[in-house]
Amino acid sequence: MTTEASSAYTRQRYKDDPKYKIDMRRKVFVYKNLHLGCWSVKQDGLVKMHTTDINLFDCSFRVNKKGRAKVIEEQRKNVHAGISGYIVDTFPTFDKPIYADHSYSAGSPKWKRAMYNPYKYSSFVQADNDSKPVYWSSSVRMETPKERGDRDRVEYIPCKDFANKC
């Protein structure tokens with residue numbers, strides 16, 4: 001996932017220990033690590049990797065209700081929300097013509113931003129319409145900000161805009 005051109009990093013924990021190797025055929029759970037300022041990738045109950053950027057497919061946005069209640073009660077953050085899905089290196093590009101008449105805009109997915117605030121919402125919500133909950137997406141991109149002061153980016157393809165057109 002790390003390339004020369006990007007400033008992204010990925011660090012696998014305990015590289016020599018096989019139990020910390022990610023099985024790409026199985027789902028992972030990704031959440032924001034507030035102490036390291038990156039995304040933590042968990043599988044089989046173990047944090048197996050830390051990364052600044054990650055792409056997932058067949059994703060579900062998960063919020064643990066009891067964990068959220070504890071955050072509200074104690075006014076202190078804990079790990080209770082994240083995204084579950086399969087890791088992919090890249091997504092298909094939709095900038096190439098996919099129709100005989102060389103048009104492609106009609107079939108292109110429209111990425112939306114998602115956000116979660118345990119003090120305001122009980123689920124992830126669409127950033128430009130905070131009353132619209134997000135529970136599932138075919139594809140998700142998660143990025144850590146490159147500039148100080150920027151927010152994390154969680155972008156997804158809404159179901160009705162692309163995946164349900166089939």
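Quick note: the coordinates plus some simple rules give every number you see, no bench work behind them. It should be emphasised that the depicted structure is a prediction, and the values quoted were computed from it without experimental measurement. All Cβ positions, glycine included, derive from the backbone under ideal geometry; neighbour counts span all protein chains shown.
Karplus couplings for the stretch 10-19 from phi (6.51 cos²θ - 1.76 cosθ + 1.60, θ = phi - 60°), rounded to Hz, Gly and Pro as x?
Computed from phi, the couplings for the stretch 10-19 are 9, 10, 7, 7, 6, 3, 7, 8, x, 6 Hz.
What is the fewest-to-most order of Arg68, Arg26 by other Cβ atoms lying within 10 Å of their Cβ?
Numbers: Arg68 19, Arg26 10.
Ranking Arg68, Arg26 by Cβ neighbours within 10 Å, fewest first, gives Arg26, Arg68.
Taking R0 as 30 Å, what FRET efficiency do you get between Val47 and Gln75 from their Cβ-Cβ distance, rounded to the nearest 0.05? Write down the numbers at each step before the final one.
Working: r = 25 Å, r/R0 = 0.84.
It comes out at approximately 0.75.
Just rank Trp111, Trp39, fewest to most, by other beta-carbon atoms within 10 angstrom. Numbers along the way, then the final one.
On the way: Trp111 17, Trp39 23.
By the 10 Å Cβ count, ascending, the order reads Trp111, Trp39.
To make sure I understand, if each residue's beta carbon is the centre and we count other beta carbons within 10 Å, what order do Ser122, Ser84, Ser40 fall in, fewest to most?
Ordered from fewest to most neighbouring Cβ atoms within 10 Å, Ser122, Ser84, Ser40 come out as Ser122, Ser84, Ser40.
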